[in-house]
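The values are calculated or read from the model by the stated rules, or taken from the named source; none is laboratory data. No experiment lies behind these values; they were computed from the predicted model shown. Ideal geometry is used to build each Cβ from the backbone, glycine not excepted, and the neighbour counts take in all protein chains shown. Side chains included, ligands, DNA and RNA excluded: accessible areas come from the protein's heavy atoms. Shrake-Rupley method; radii C 1.70, N 1.55, O 1.52, S 1.80 Å.
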Amino acid sequence: MTTALYLVLSGILIGAGISLIWRDARKKSHGSFTLERDARSVAADEVEVTIARTAEEPARRAPRGAAAMLAPSRTAAPGLSPSDGTQAPASAVDPSRQSARLALERQWSLLQPAIAGAIARTNSLIAPVHLLIGPAGEPAWSYKNRGYGVHQRLLLGGESVAWLRLELLVEGRLRANVKAHRDDAGGLNAGAETAAAAVDGERVGALLFECLQPATAFAARRVEISEVEASERAWQSINGMLAAALSATNGALTQAGARLIELAPAAWENELRRHRLALSVEVNGDDVARMHIERLPHELEVAVGVREPQLAALGRRRRIPVDGMTIHALAELIASCAWPAIARFRETRRQA
């Protein structure tokens with residue numbers, strides 16, 4: 001009897017276990033694919049639920065990735081930001097303003113032959129003061145000036161001292177502006193404008209010349225100072241030998257009653273661009289002629305002239321190379337230039 005009860009109880013338990021396993025199996029098979037209307041009946045926070053949609057049921061929300069792919073492109077358009085000069089979004093650039101900019105860039109491109117010719121001519125004019133407009137950089141917009149153009153270095157003696165900005169303005173003007181690199185060279189700063197309509201090489205050249213006037217004047221003063229210093233050093237290199245030669249010449253001329261008197265120390269002659277020494281040629285106390293001695297780059301020049309035009313033939317002009325020059329050779333050259341005038345007036349005084 002007891003055995004029979006155990007068997008019945010075991011059967012009940014086995015049946016209950018089989019029913020539980022069957023129920024769990026059914027839940028798993030239906031839980032992974034459930035219609036939307038049955039989704040609420042699936043009670044499992046931890047169960048993954050995939051909603052099946054019928055063919056006529058449209059998607060309510062696109063996936064985030066797909067939405068990003070379908071969203072309008074926000075790539076920056078080829079415009080320039082007014083604030084920092086970088087590429088700006090298309091929405092930040094007014095189409096009419098962008099069209100005006102493109103037109104200005106085309107106008108700038110058309111002006112390049114005239115600008116290049118004007119710069120070449122300007123460089124030839126300012127070359128004597130060692131000033132030069134350097135090569136142009138890439139054209140770019142300046143939102144501060146509302147213009148399109150280029151920067152070029154302004155070189156003085158090969159050294160960059162300022163920027164030259166040449167640009168077309170949206171107001172229809174062509175502007176040139178010089179800005180010194182250093183604050184203590186502010187005297188170089190200048191600007192000039194002209195109407196951009198029908199501008200040609202001549203007008204661009206005039207614009208550049210006006211803008212570069214302060215820089216040209218500054219360069220000229222600097223070159224003059226350099227020339228004066230160089231000429232003074234050159235004169236000092238022969239001054240001692242010249243003094244000895246003049247002393248020897250006067251010693252020889254004393255017998256003829258003549259002498260050479262220095263009127264003033266050698267000085268810079270602005271018209272000649274070099275130092276010159278002036279002397280009086282005297283015969284028996286009378287001033288009969290003038291002698292000038294000049295230091296050339298590689299030679300020393302001695303010239304004598306008289307006041308009377310009818311005696312111009314008495315004048316002499318001779319040169320001697322500085323390299324290898326001796327006191328004796330220089331004294332002979334000085335005496336040979338002075339002697340015709342000395343002899344002429346010495347003879348005249350004797351006859352009188």
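Can you confirm whether segment 311-318 contains a residue that is over 49 Å from the mean Cα position of the chain (by Cα) and exposed (fewer than 12 other Cβ atoms within 10 Å of the Cβ)? Walk me through how you get there before you give the answer.
Initial filter on segment 311-318 (over 49 Å from the mean Cα position of the chain (by Cα)): 311-316.
Now narrow it down to the ones that are exposed (fewer than 12 other Cβ atoms within 10 Å of the Cβ): 312-313.
There is at least one residue in segment 311-318 that is over 49 Å from the mean Cα position of the chain (by Cα) and exposed (fewer than 12 other Cβ atoms within 10 Å of the Cβ).
Identify, please: which residue in segment 327-349 is touching a residue at least 24 places away in the same chain (Cβ under 8 Å) and not aliphatic (A, V, I, L, M) and is, among those, farthest from ALA264 (Cα to Cα)?
ARG349
Which of the residues belonging to segment 132-172 are in contact with a Phe, Trp or Tyr (Cβ under 6 Å, 6 or more places away or on another chain) and among the hydroxyl-bearing types (Ser, Thr, Tyr)?
Within segment 132-172, TYR148 is the sole residue that qualifies.
Might you let me know whether segment 194-203 holds any residue that is under 26 Å from GLN107 (Cβ atoms), open to solvent by less than 50 Å² (accessible area, probe 1.4 Å) and modelled with pLDDT of 95 or more? Working first, answer last.
Taking segment 194-203 as the starting set, the residues that turn out to be under 26 Å from GLN107 (Cβ atoms) are 194-203.
With open to solvent by less than 50 Å² (accessible area, probe 1.4 Å) added as a condition, the list becomes 194-196, 199, 201.
Still in the list and also modelled with pLDDT of 95 or more: none.
No, the conditions are met nowhere in segment 194-203.
Could you grab the pairs with beta carbons closer than 9 Å, sequence gap of 6+ or different chains, first residue in segment 234-251 and hydroxyl-bearing (Ser, Thr, Tyr), second one outside any helix (DSSP H, G or I) and open to solvent by less than 50 Å² (accessible area, probe 1.4 Å)?
Cβ pairs passing all conditions: SER237/ARG295; SER237/VAL322; THR249/LEU260.
When you go through SER226, SER237 one by one, which is the residue that is open to solvent by 70 Å² or more (accessible area, probe 1.4 Å) and either in contact with a helix residue (DSSP H, G or I) (Cβ under 7 Å, 6 or more places away or on another chain) or in a helix (DSSP H, G or I) (or both)?
On the way: SER226 fails: open to solvent by 70 Å² or more (accessible area, probe 1.4 Å).
One residue alone meets the criteria, SER237.
Of the residues SER124, SER96, only one is exposed (fewer than 12 other Cβ atoms within 10 Å of the Cβ), over 18 Å from the mean Cα position of the chain (by Cα) and either hydrophobic (A, V, I, L, M, F, W, C) or on the phi < 0 side of the Ramachandran plot (or both); which?
SER96
Taking strands (runs of 3 or more DSSP E) that fall entirely within segment 112-180, which contain at least 3 residues that are modelled with pLDDT of 95 or more? Give the derivation first.
Working: elements: 131-136, 140-142, 147-156, 159-169, 173-180.
Per the criteria, 131-136, 147-156, 159-169, 173-180.
What about VAL281, is it touching a residue at least 60 places away in the same chain (Cβ under 8 Å), more than 30 Å from VAL178 (Cβ to Cβ), β-branched (Val, Ile, Thr) and open to solvent by less than 20 Å² (accessible area, probe 1.4 Å)? Before you say what the answer is, go through the steps one by one.
Numbers: touching a residue at least 60 places away in the same chain (Cβ under 8 Å): yes; more than 30 Å from VAL178 (Cβ to Cβ): yes; β-branched (Val, Ile, Thr): yes; open to solvent by less than 20 Å² (accessible area, probe 1.4 Å): yes.
So VAL281 passes the test.
Identify all residues within segment 259-288 that are more than 41 Å from the chain's Cα centre (by Cα) and part of a loop (DSSP other than H, G, I, E, B); write none if there are none. First the steps, then the outcome.
Step one: of segment 259-288, the residues more than 41 Å from the chain's Cα centre (by Cα) are 259-265, 277-288.
Within segment 259-288, LEU263, ALA264, PRO265, ASN284, GLY285 qualify.
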